[in-house]
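Notes to accompany the following structure.
The values are calculated or read from the model by the stated rules, or taken from the named source; none is laboratory data. The structure displayed is predicted, hence computed values, not measured ones. Note that we place each Cβ from the backbone using ideal geometry, even for glycine, and neighbour counts take in every protein chain shown.
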């Protein structure tokens, strides 16, 4: 089929604005798949994805659409992950397209994620077709949404196609718009192989399956390909398209979206955004936009019981085969034993990995307080990055610390603007733009340190707006800040698991909070236990646990002795899980409890 | 070859009423002892005597409330014992008694059969505390019971008290000690209230009605230690005090790890490294024992490590202390620390609790295991 009859597009939307339902309708309308098949397919999807209303990885689909102009078009729908943590992946999927459907809920209007996604689409210079979904809802307000399109997104309001994916309204209009408004792939200037890898999955039997968009040249089974970034060559075992099942084809040609299987054993061998070229006749330059992805958020993950370390290691390895963006490295903590320092693309990615370890691998794990990657200029001029507070140089060796920033888009009802600004300020952020969206909503564009939104920002946003607020963000470089390393000392000794890098002005309150938490969970001892928060040698917060005064079983006669022994056996077992700090013995569960509830 | 055992325990699981704090196996009215029950005890004893050579040096009858046995049941039990075992070597024969469960005649019958020590369950002298504890005797009735026992010729009387009862003031406890000392007891057991499994008290505690106050526990205990020490008592175990020479031989034998045979529903025996419990169901027990069945349950074979832990756990609680050899070399540092910090002291290769360590022995042992 010729290039002129091919359209490659994605659907971008805020969570719950109906992306999955619209995809289903398009597939049904084009008779690519029946309702029944789609149900089965959905049931197979990861629980986690469905629960969170996000799609981590859905493969592309090719549809054939006989348009009103009498020609049959090949439409390739590429799915995109719906969260900013995966914005690089999203950008690569978008780079494989010429256009995007921007889906907006007719009742809810433009949301934070809509804005963030549109930014990504604009960066890829995609032709955007706005679709106003759920027009059948009683609360639907078409004129309002059209106004928002113009005012917030700078898209002509009348371009919005009214639709209801649920009721099957406007589906044909959308398909026609895809054909008429989205351009076909450009005609390549030469026939050198250039294919963009926009996603990959790991198949237990076939190894890595790379999802590719052919920009120029062609690719077929048996040829030697070279991955541009790693310079490694592979023999192609199979190429094919998604109809929607993976279906082998003889060849993939320019404009095609499909898959290729070569001899890759792990997802780390293929990098998203990389260029596939011919080993014999390689392209000179890679396709634009490739980036090595680096984790932005780090956290220690430890097995709750130390016997599970080896099993956890296996689980991490398996996770990484599927998820090259996830990184891990063994580390040991005096408080928590053996575990891993893990890197994630962002918050959601971190939660997904933790949840998958629990659900799919049945691992009982505990995570340390998440942190970000700091850039440090040392007094001797050396530049370093630090992702673990334990490795922060001594204060006198630091000339400057810089922290990663985000640009956050926060949409909230007008009534909560005061509280929201306060929250942003509390999190060391700054509101740079305030825009009125409609009669009752505003959008705040804020600069915030990434570190400050890692833990409870989104929860607090949701609770202070009674669930009506939404937030999305994009990374926005580094900024110098007055940051210090705060240690928690128990009986005078620092406990590594609780070391954090905090802003100087927030250190006291954080220190007091942690000290109080520790006081709550550390059982009374024979000795007084001092709990202190310290910066360098300076104590900034303290608590103490008074010594236990009485701990003695009242009765111990013939019938009580077995019970007494069982108690001692328990104490003996418990002792193995105790961390001795000076004279103090602290059960590992105590540390775990603090990390779990903090 | 049968094993020689010198300690005999008999469990009589009947009570006039159920005390809401007591976790022992016992019954309340309507199910008092029957002749069959007495015969069942004797039948179980006969069965054990097939494998155990029983020449008791001490006998302990506990419960329940053994003093609740009728005079005729008592006589049947006492003569049944005398028929089956040689009582010539008995030096201490203790009977647990509650006020209002016996009269002068019964007290004399106990004495006549050979009982030479009675432990009277007084628990408190404060009427309010007695009510909290669900006891059905008044302070006067307790005094009367004491007089009857002295009148029957008992010169080794022990009295049970409980302290740190929710609602009881420090003064009330001091007064309880005063009243107690005025009776010149030979032995005292003072127990910190503990919320035992399957008791009404635990339920009420969990419901927030009855509190636990570690500071109150500690204060009462220390007051008791001081008070009894100045009154000439030897504090020979965590919860036990005696006039010199009046320490309980039977209980001391438990703590030293000697073998003991327990008879009656719910009684525990430990003989030759094996421990078992007698079926804790009076009706089933009576039926089974009378038809000659073996009524042992929960049989466990004790390993050397089990015995080490038990010895450490019980011996450290006593005035004799625990041989240092019971502590593994890996805990040597802990021992040194606890000695340096004044919780333990060393004497002739034994570890003894100090006054500071006494109220903390559970934590201390926990560090030594």
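Can you tell me which residues in the stretch B:181-194 are assigned to a loop (DSSP other than H, G, I, E, B), more than 11 Å from chain A (Cβ to nearest Cβ) and surrounded by 14 or more Cβ atoms within 10 Å (Cβ to Cβ)? Scanning the stretch B:181-194 gives B:183, B:185, B:186. Scan the stretch A:389-397 and tell me whether some residue there is at pLDDT 90 or above and in contact with a helix residue (DSSP H, G or I) (Cβ under 7 Å, 6 or more places away or on another chain). So far as the stretch A:389-397 goes, no, none of its residues is at pLDDT 90 or above and in contact with a helix residue (DSSP H, G or I) (Cβ under 7 Å, 6 or more places away or on another chain).
Please tell me if residue B:366 is facing chain A (nearest Cβ under 9 Å), touching a helix residue (DSSP H, G or I) at 6+ places or on another chain (Cβ under 6 Å), assigned to a helix (DSSP H, G or I) and more than 15 Å from residue B:237 (Cβ to Cβ). Before you say what the answer is, go through the steps one by one.
Numbers: facing chain A (nearest Cβ under 9 Å): yes; touching a helix residue (DSSP H, G or I) at 6+ places or on another chain (Cβ under 6 Å): yes; assigned to a helix (DSSP H, G or I): yes; more than 15 Å from residue B:237 (Cβ to Cβ): yes.
The answer is yes for residue B:366.
The single condition among (1) touching a helix residue (DSSP H, G or I) at 6+ places or on another chain (Cβ under 6 Å); (2) facing another protein chain (nearest Cβ under 10 Å); (3) within 26 Å of residue B:163 (Cβ to Cβ); (4) touching a residue at least 12 places away in the same chain (Cβ under 8 Å) that residue B:356 does not meet is (1).
Residue selection: residue A:507 fails the criterion of being modelled with pLDDT of 90 or more and within 14 Å of another protein chain (Cβ to nearest Cβ). Keeping to the stretch B:102-129, report how many residues are over 23 Å from residue B:249 (Cα atoms) and in contact with a strand residue (DSSP E or B) (Cβ under 7 Å, 6 or more places away or on another chain). Qualifying residue count for the region: 1. Inside the stretch B:328-353, residues that are farther than 20 Å from residue A:582 by Cβ, in contact (Cβ under 8 Å) with a residue 12 or more places away in the chain and more than 12 Å from chain A (Cβ to nearest Cβ) make up a count of 6. Go through the residues of the stretch A:566-576 one by one and say whether even a single one is without any contact (Cβ under 8 Å) to a residue 60 or more places away in the chain, under 38 Å from the mean Cα position of the chain (by Cα) and more than 13 Å from every other protein chain (Cβ to nearest Cβ). The answer is no; no qualifying residue exists.
Taken across the stretch A:510-518, residues that are closer than 29 Å to residue A:349 by Cβ and out of contact with any strand residue (DSSP E or B) (no Cβ under 6 Å at 6 or more places or on another chain) do occur, with at least one present.
Residues are listed down the side, and each one gets a yes or a no for (1) in contact with a helix residue (DSSP H, G or I) (Cβ under 8 Å, 6 or more places away or on another chain); (2) away from chain A (no Cβ under 14 Å); (3) farther than 30 Å from residue A:554 by Cα; (4) assigned to a strand (DSSP E or B):
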position: B:10; (1), (2), (3), (4): yes, no, no, yes
position: B:47; (1), (2), (3), (4): yes, yes, yes, no
position: B:67; (1), (2), (3), (4): yes, yes, no, no
position: B:80; (1), (2), (3), (4): yes, yes, yes, no
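Name the residue, out of B:5, B:52, B:90, that is surrounded by 15 or more Cβ atoms within 10 Å (Cβ to Cβ) and more than 28 Å from residue B:246 (Cβ to Cβ).
Details: B:5 fails: more than 28 Å from residue B:246 (Cβ to Cβ); B:90 fails: more than 28 Å from residue B:246 (Cβ to Cβ).
Only one candidate passes the filter, namely B:52.
Residues that are at pLDDT 90 or above and buried (at least 21 other Cβ atoms within 10 Å of the Cβ) do occur in the stretch A:77-87. Within the stretch A:385-402, one or more residues are touching a residue at least 60 places away in the same chain (Cβ under 8 Å), in a helix (DSSP H, G or I) and under 30 Å from residue A:471 (Cα atoms). Looking across the stretch A:511-550 at every residue that is crowded, with 20+ Cβ neighbours inside 10 Å and over 23 Å from residue A:499 (Cβ atoms), the one that is farthest from the other protein chains (Cβ to nearest Cβ) is identified as A:526. Every test in (1) within 13 Å of chain A (Cβ to nearest Cβ); (2) part of a loop (DSSP other than H, G, I, E, B) is passed by residue B:313 save one, and that test is (2). Count of the stretch A:420-444 residues, restricted to those that are on the phi < 0 side of the Ramachandran plot and surrounded by 15 or more Cβ atoms within 10 Å (Cβ to Cβ), is 13.
One residue stands out among those in the stretch B:317-327 that are closer than 17 Å to residue B:225 by Cα and crowded, with 18+ Cβ neighbours inside 10 Å: the one that is nearest to the other protein chains (Cβ to nearest Cβ), which is B:317. When restricted to residues that are surrounded by fewer than 19 Cβ atoms within 10 Å (Cβ to Cβ) and either touching a helix residue (DSSP H, G or I) at 6+ places or on another chain (Cβ under 6 Å) or farther than 22 Å from residue B:360 by Cβ (or both), the stretch B:218-251 contains 8. The set of residues in the stretch B:254-309 being without any contact (Cβ under 8 Å) to a residue 24 or more places away in the chain, in contact with a strand residue (DSSP E or B) (Cβ under 9 Å, 6 or more places away or on another chain), away from chain A (no Cβ under 12 Å) and exposed (fewer than 14 other Cβ atoms within 10 Å of the Cβ) consists of B:297 alone.
Of the residues screened, residue B:244 is not one that is under 22 Å from residue B:33 (Cβ atoms), more than 10 Å from chain A (Cβ to nearest Cβ) and part of a loop (DSSP other than H, G, I, E, B).
Give B:351, B:338 a once-over and let me know the one that is at pLDDT 95 or above and farther than 21 Å from residue B:247 by Cβ.
Details: B:351 fails: farther than 21 Å from residue B:247 by Cβ.
That would be B:338, the only listed residue that is at pLDDT 95 or above and farther than 21 Å from residue B:247 by Cβ.
Of the residues A:125, A:166, the single one that is under 27 Å from the mean Cα position of the chain (by Cα) and assigned to a loop (DSSP other than H, G, I, E, B) is A:125. Checking each residue in the stretch A:195-219 for being at pLDDT below 95 and farther than 13 Å from residue A:257 by Cβ picks out A:200, A:201, A:202, A:203, A:204, A:205, A:206, A:207, A:208, A:209. Entry remark, the stretch A:229-263: residues being under 27 Å from the mean Cα position of the chain (by Cα) and crowded, with 21+ Cβ neighbours inside 10 Å number 4 in total. Residues in the stretch B:30-45 that are at pLDDT 95 or above and either in a loop (DSSP other than H, G, I, E, B) or closer than 21 Å to residue B:121 by Cα (or both): how many? Total satisfying the criteria: 0.
Within the stretch B:199-216, the set of residues being within 13 Å of another protein chain (Cβ to nearest Cβ), touching a residue at least 40 places away in the same chain (Cβ under 8 Å) and part of a loop (DSSP other than H, G, I, E, B) comprises B:213 only.
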